[in-house]
1. If packing is taken as the average number of other Cβ atoms within 10 Å across a peptide's residues, how do 10-22, 58-70, 105-117 rank, most packed first?
2. Based on Cβ point charges of +1 for Lys and Arg and -1 for Asp and Glu, what charge dipole magnitude is obtained for the range 41-143 about its Cα centre, in debye rounded to the nearest 20?
3. So between Thr67 and Phe124, what do we pick up on full extension, going 0.36 nm a residue minus the alpha carbon distance?
4. Give me Asp174, Asp86 sorted ascending by neighbouring Cβ count inside 10 Å, so fewest comes first.
5. Just Tyr160, Tyr87, Tyr148 to compare: in a GNM of the chain, with alpha carbon springs under 10 Å, which one fluctuates most?
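Each value in this text was obtained by applying a stated rule to the coordinates, not by laboratory testing. In this text, all values refer to a predicted model and were calculated from it rather than measured experimentally. Virtual Cβ from ideal backbone geometry, glycine too; neighbours counted across all protein chains shown.
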Amino acid sequence: MGIQSLSREELLAILAAARAKRERDFVMILLSFAHGLRVTELLELRRENFHGGFLTVARLKGSLRTTQPLLEHANPLLNERQAVSDYLARPVDSGRLFKITRQRFWQLMQEYGERAEVPVHKRFPHVLKHSIAMQIIHTAGIENTRQYLGHKSISSTGAYLKVSDDDASKNAHDALQL
């Protein structure tokens with residue numbers, strides 16, 4: 001079946017469903033997607049990870065430490081800089097920003113995926129990391145995608161270059177339509 005990723009429309013529907021229910025959930029999903037965060041990386045975030053419009057994350061599984069700008073976008077659902085700024089302006093206890101478990105985040109992805117009518121096989125947290133990778137790899141290139149995701153090994157990033165038979169056939173057919 002290959003790597004599962006969300007289309008832009010599916011991502012926006014999940015973000016809208018989360019934002020309609022709880023700002024915290026919206027911010028968590030947006031951060032996970034925008035920076036390709038693993039659930040554990042997301043749930044360990046603290047105020048100190050955000051400084052001057054940037055997010056610094058110590059990646060897990062032997063990956064790199066990354067510092068990336070918070071994304072600005074005309075669409076409020078994708079305007080990470082504003083969403084994070086608004087969220088951090090609220091009184092938040094010291095310690096972790098998102099005091100939930102990995103299991104709870106999985107449940108939230110199930111709930112918002114269902115509300116957004118996303119197929120069941122795409123309603124899991126790691127689909128957010130896959131989605132950003134699949135959206136940027138062909139434009140940004142494998143090396144930039146590797147660095148953005150914090151991968152030490154290019155072979156980890158190479159998995160995102162694989163395409164399905166259907167996609168390969170469609171693109172080959174389109175290319176032959178000179």
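1. Details: 10-22: 19.2, 58-70: 14.0, 105-117: 17.7.
Output ranking for 10-22, 58-70, 105-117: 10-22, 105-117, 58-70.
2. Working: 15 positive and 11 negative charges, 73 e Å.
That gives the range 41-143 a dipole magnitude of about 360 debye.
3. Numbers: separation 57, 0.36 × 57 = 20.52 nm, distance 2.51 nm.
Value of the extension gain: 18.0 nm.
4. Numbers: Asp174 8, Asp86 12.
Ordered from fewest to most neighbouring Cβ atoms within 10 Å, Asp174, Asp86 come out as Asp174, Asp86.
5. Tyr87
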